[in-house]
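**Student:** Take a look at this one; I'll ask things after.
The values are calculated or read from the model by the stated rules, or taken from the named source; none is laboratory data. Predicted model only: the values in this text are computed from it and were never measured. Backbone-built Cβ (ideal geometry, glycine too); neighbour counts: all protein chains shown. Accessible surface is based on the protein model in full, side chains and every heavy atom, while ligands, DNA and RNA are left aside. Shrake-Rupley method; radii C 1.70, N 1.55, O 1.52, S 1.80 Å.
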Amino acid sequence: MKFYVEPLSKCTQRLGSLSEIESKPTVNIKTPAVMLHTQGGQIPHITHEVFKLVSRKSQILQIPLAGMHTFKEAMQYYEGTISSFIGSKDSLSCLTLQDPCNITKQGHHSTLKVPIWTKNGKVYYDAKSYMDVVESFKPDIYFLLSDGDTNISSSEKRIAKSVSNTMNFYKECLDRHRKSDALKHSFVIAPIVGGYKQISRERYISFILEDMKNVDGFLIDGLHNNGPEAEFLEFNEIEPIVRCILNKIPTEKLRVVQGCWNPVNIINLVELGIDLFDTSYCHILTERSAAMTFAIEITDQTNTYEINLRDSKYVDDFQPVLIGCECLSCTKYSRAYIHHLLSVHELLGPILVMIHNVYHYLRFFEKIRSCIQNNTLQTLQLSITEQFRNHQKTK
């Protein structure tokens, strides 16, 4: 797999593509793009078969190990890839460590080990046990192991330990990767840690730049501890760190961030040159029964940023979730019906909300790529920002 991008500039919006994939030669993923967040190998509330009603385009499945740990033993005996095992062999797989939808508990630190929280409780991974899993899963893309347990409030001691641990993980994981036949075609993404201290980020980047063989991209890690908190991070707090990193790393490599970023911050990060995100934001909204209704095109018939379909005012509202939306939920069902399903806790309720949210989010990224192509991203940014601010005033 190779990543091609234009322009090769430090901190600017850019268009790229992931192509020349060994197992899927016809697949071409355009960036900026979004990975489909999964739990246990499935998009929350949506099976792979149902997703085909949302989009038939090739996608990247984000597969957090925190939700797949119990599959570890079975995969040791399975001869195929993790994509085939979960019933989505036509999709690309990206193995990550933590689930961006769930808050990563702080304070469970151990030298050269990283904790994840599974259905069976807390489990520690070191470089060897992590790479054992990676080799058995055989993902198309994977993140090297990192200690990303930092946020804006982290102490200097915690940041220093995060950097020290991840340096060791980097060396051990890359060494194992280079010796592995099973991973010779996998796309490797190296996490960049260091909390909110630029000097720590720069120290770590200097370290990994000494040995970049087999590294295909970078994950900006350690900006938050995952979960819903990422939705409300202020961009002016994260921007200096992101700029610092992007000014130091090679421009031709893929740039990734994880987390439940709201659409305003998505566009801000795209403007800085981030290439790959995930749909955990869709899941966070669906869990609170909210549907995205912000306007993407100027022709969109909406005056709301998002709506909560549990609100009693929708009990007799027979409009679609978003007028003009062509997703399955909007073309077949009304706000009133979905409100009823959510009120009586029918499983179909969150399914229909999630279908709409994922469809709208994918459409949002299509618009972002189109705006970059036409040099109109700033217009979209102003529109989304205004809608978001108006929504915040009415809450």
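**Student:** Which residue, of LYS313, LYS213, is out of contact with any Leu (no Cβ under 7 Å at 6 or more places or on another chain) and closer than 22 Å to TYR142 by Cα? Step through it out loud before you land on a result.
**Tutor:** On the way: LYS313 fails: closer than 22 Å to TYR142 by Cα.
Unique residue meeting the criteria: LYS213.
**Student:** TYR359: open to solvent by 80 Å² or more (accessible area, probe 1.4 Å), of a type outside the set (S, T, N, Q) and in a helix (DSSP H, G or I), yes or no?
**Tutor:** Values: open to solvent by 80 Å² or more (accessible area, probe 1.4 Å): no; of a type outside the set (S, T, N, Q): yes; in a helix (DSSP H, G or I): yes.
The answer is no for TYR359.
**Student:** Among TYR124, TYR130, TYR77, which is farther than 27 Å from VAL353 by Cβ, touching a residue at least 24 places away in the same chain (Cβ under 8 Å) and out of contact with any Asp or Glu (no Cβ under 7 Å at 6 or more places or on another chain)?
**Tutor:** TYR130
**Student:** What number of residues within region 139-181 satisfy the criterion of being of a type outside the set (Ser, Thr, Tyr), part of a loop (DSSP other than H, G, I, E, B) and open to solvent by less than 50 Å² (accessible area, probe 1.4 Å)? First the steps, then the outcome.
**Tutor:** Taking region 139-181 first, the residues of a type outside the set (Ser, Thr, Tyr) are 139-141, 143-145, 147-149, 151-152, 156-161, 163, 165, 167-169, 171-179, 181.
If we keep only those that are part of a loop (DSSP other than H, G, I, E, B) too, we end up with 139-140, 144-145, 147-149, 151-152, 181.
With open to solvent by less than 50 Å² (accessible area, probe 1.4 Å) added as a condition, the list becomes 139-140, 144-145, 147-149, 151.
Number satisfying all stated conditions: 8.
**Student:** So, one more: Any idea which of ILE189, ILE199 is more than 23 Å from the chain's Cα centre (by Cα) and β-branched (Val, Ile, Thr)?
**Tutor:** Result of the check over ILE189, ILE199: ILE199.
**Student:** If I ask for residues that are more than 20 Å from the chain's Cα centre (by Cα) and either open to solvent by 100 Å² or more (accessible area, probe 1.4 Å) or of a type in the set (Gly, Ala, Ser) (or both), which ones from region 232-247 would you list?
**Tutor:** The one that is more than 20 Å from the chain's Cα centre (by Cα) and either open to solvent by 100 Å² or more (accessible area, probe 1.4 Å) or of a type in the set (Gly, Ala, Ser) (or both): ASN236.
**Student:** Restricting the search to region 293-341, which residues are open to solvent by 20 Å² or more (accessible area, probe 1.4 Å), within 26 Å of CYS371 (Cβ to Cβ), in a loop (DSSP other than H, G, I, E, B) and not aliphatic (A, V, I, L, M)?
**Tutor:** GLU297, THR299, ASP300, GLN301, THR302, ASN303, THR304, PRO320, GLY324, GLU326
**Student:** Could you list, in sequence order, the residues of region 8-22 that are touching a strand residue (DSSP E or B) at 6+ places or on another chain (Cβ under 9 Å) and either aromatic (Phe, Trp, Tyr) or farther than 21 Å from PHE364 by Cα (or both)?
**Tutor:** SER19, GLU20, ILE21
**Student:** Which numbered condition trips up ARG56, out of (1) surrounded by fewer than 23 Cβ atoms within 10 Å (Cβ to Cβ); (2) closer than 23 Å to VAL215 by Cβ?
**Tutor:** Going through (1) surrounded by fewer than 23 Cβ atoms within 10 Å (Cβ to Cβ); (2) closer than 23 Å to VAL215 by Cβ one by one, ARG56 breaks only (2).
**Student:** Something else about it: Filter region 72-88 down to the residues that are open to solvent by 60 Å² or more (accessible area, probe 1.4 Å) and closer than 18 Å to LEU36 by Cβ and list them by number.
**Tutor:** PHE85
**Student:** May I ask you to list the residues in region 109-130 that are under 12 Å from GLY148 (Cα atoms) and out of contact with any Leu (no Cβ under 9 Å at 6 or more places or on another chain)?
**Tutor:** Listed by number, the residues that qualify are HIS109, LYS113, PRO115.
**Student:** Of all residues in region 195-219 being open to solvent by less than 10 Å² (accessible area, probe 1.4 Å) and either in contact with a helix residue (DSSP H, G or I) (Cβ under 9 Å, 6 or more places away or on another chain) or not aliphatic (A, V, I, L, M) (or both), which is farthest from TYR281 (Cα to Cα)?
**Tutor:** Step one: list which residues in region 195-219 are open to solvent by less than 10 Å² (accessible area, probe 1.4 Å), which gives 195, 201, 204-205, 208, 215, 217-219.
This time we only want the ones that are either in contact with a helix residue (DSSP H, G or I) (Cβ under 9 Å, 6 or more places away or on another chain) or not aliphatic (A, V, I, L, M) (or both), so: 195, 201, 204-205, 208, 215, 217-218.
On the way: GLY195: 22, ARG201: 26, TYR204: 29, ILE205: 28, ILE208: 30, VAL215: 28, GLY217: 23, PHE218: 21 Å.
Only one residue tops the list, namely ILE208.
**Student:** Okay, next question. For region 89-108, name all the residues that are open to solvent by less than 90 Å² (accessible area, probe 1.4 Å) and assigned to a loop (DSSP other than H, G, I, E, B).
**Tutor:** SER91, LEU97, GLN98, ASP99, PRO100, CYS101, ASN102, THR104, GLY107, HIS108
**Student:** Shifting gears a bit: Could you tell me which residue of region 114-131 is least open to solvent (accessible area, probe 1.4 Å), considering only residues that are in a helix (DSSP H, G or I) and of a type in the set (Gly, Ala, Ser)?
**Tutor:** The extreme case among them is ALA127.
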